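Accompanying notes for the structure given below.
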Amino acid sequence: MAEIARIVILTGAGISAESGIDTFRSAGGLWEQHKVEDVATPEGFARDPDLVLSFYDMRREALSKVEPNAAHVAIARLEREFAGELLLVTQNVDDLHERGGSDRVLHMHGELKSALCGACGMRSRWEGRMIERPPCPICQAPSLRPDVVWFGEMPYQMERIYTALGRCDLFVSIGTSGAVYPAAGFVQEARQSGAHTLEVNLEPSEGTHLFHEARHGPAGRLVPDWTEELLS
Ligand code: NAD
Ligand code: APR
């Protein structure tokens, strides 16, 4: 595929499923075990901060028990070996892309291992717990929250993402249900720029009909196959 010069990859919870992290919307997924309004909205946090802080402390601690899988590793290899431009955008708040070897990951929904201060707005790498209300390293206020984007909040770096979507030749969506905007709209944005669009997902997503091409099956097998094709 010599004509491909610019790629945008969007990943979602499905790419980390084979590493053992629950997705959100599958049977037994995170949103069946917890109410979205309670743990993933600013209103839920205001109502019961202990519940929200312990939910994300638990998810952050769970990262030490999982490893990146073949799909994360294949994308990292693509980042190293693809001669053109590659933007990797993830909706995931885990660190498995980085641990799989990717150096440049745009976390549009934030990161579990990052803290945001509700008092001064500081954002900083954070590995510890928040339930004990540690002071902000900058302003000392006991107001840290997980640096994750909740429903009703603005995802990160949208301008940069839309610029890349407007210039790409290939858009690939991996392991995302296509249920949450703005990420669910990226495929149409890329199509309007004339890009080829590919869905890689365990099953057809909500927006599967919007893609030129769809491959259905586990990311751990399909993503390495796809990167191999692209690089050969
Ligand atoms: P949304 O789709 O409205 O967008 C999320 C956030 O992104 C919003 O704060 C918005 O300001 C921001 N945003 C949207 N477009 C943007 C752009 N172009 N640039 C920058 N920022 C942009 O999110 P929502 O309304 O919270 O949820 C979407 C849908 O998902 C709703 O229909 C909701 O009911 C549903 N939902 C489902 C679940 C579930 O899984 N059960 C959970 C929550 C929400
Ligand atoms: N390989 C490929 N795809 C898989 C696999 C797998 N092994 N396992 C599951 N999937 C697919 C599912 O079929 C599903 O379509 O991954 C998708 C995961 O979808 P969601 O659970 O909805 O996750 P995601 O799309 O990332 O959610 C988007 O919702 O609540 C928010 O902020 C949260 O970033 C998240 C956003």
Scope the stretch 195-232; condition free of Cβ contacts under 8 Å to residues at least 24 places away in the same chain and in a loop (DSSP other than H, G, I, E, B); matching residues: Glu203, Pro204, His212, Gly217, Ser232
Matching residues, the stretch 157-176, being near ligand 1 (Cβ under 9 Å from one of its atoms) and touching a helix residue (DSSP H, G or I) at 6+ places or on another chain (Cβ under 8 Å): Ile161, Tyr162
The stretch 141-176, subset buried (at least 22 other Cβ atoms within 10 Å of the Cβ) and within 16 Å of ligand 2 (Cβ to nearest atom), residue farthest from Asp50 (Cα to Cα): Phe171
Residue in the stretch 140-154 that is at pLDDT 95 or above, in a helix (DSSP H, G or I) and of a type in the set (Phe, Trp, Tyr) present: no
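Quick one: is Val39 over 25 Å from Met154 (Cβ atoms) and surrounded by 15 or more Cβ atoms within 10 Å (Cβ to Cβ)?
Taking the combined requirement at face value, the residue does not satisfy it.
Quick check: anything in the stretch 116-135 within 13 Å of the chain's Cα centre (by Cα), among the hydrophobic types (A, V, I, L, M, F, W, C) and outside any loop (DSSP other than H, G, I, E, B)? Full working, then the answer.
Going residue by residue through the stretch 116-135, those that are within 13 Å of the chain's Cα centre (by Cα) are none.
No, that holds for no residue.
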Residue in the stretch 68-83 that is more than 16 Å from ligand 2 (Cβ to nearest atom) and not in a helix (DSSP H, G or I) present: yes
Conditions (1) assigned to a helix (DSSP H, G or I); (2) at pLDDT 95 or above; (3) under 18 Å from the mean Cα position of the chain (by Cα): number failed by Phe45: (3)
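The values are calculated or read from the model by the stated rules, or taken from the named source; none is laboratory data. What you see is a predicted model; the values in this text were computed from it and never measured. FYI the Cβ positions are ideal-geometry reconstructions off the backbone, even for glycines, and counts take in every protein chain you see.
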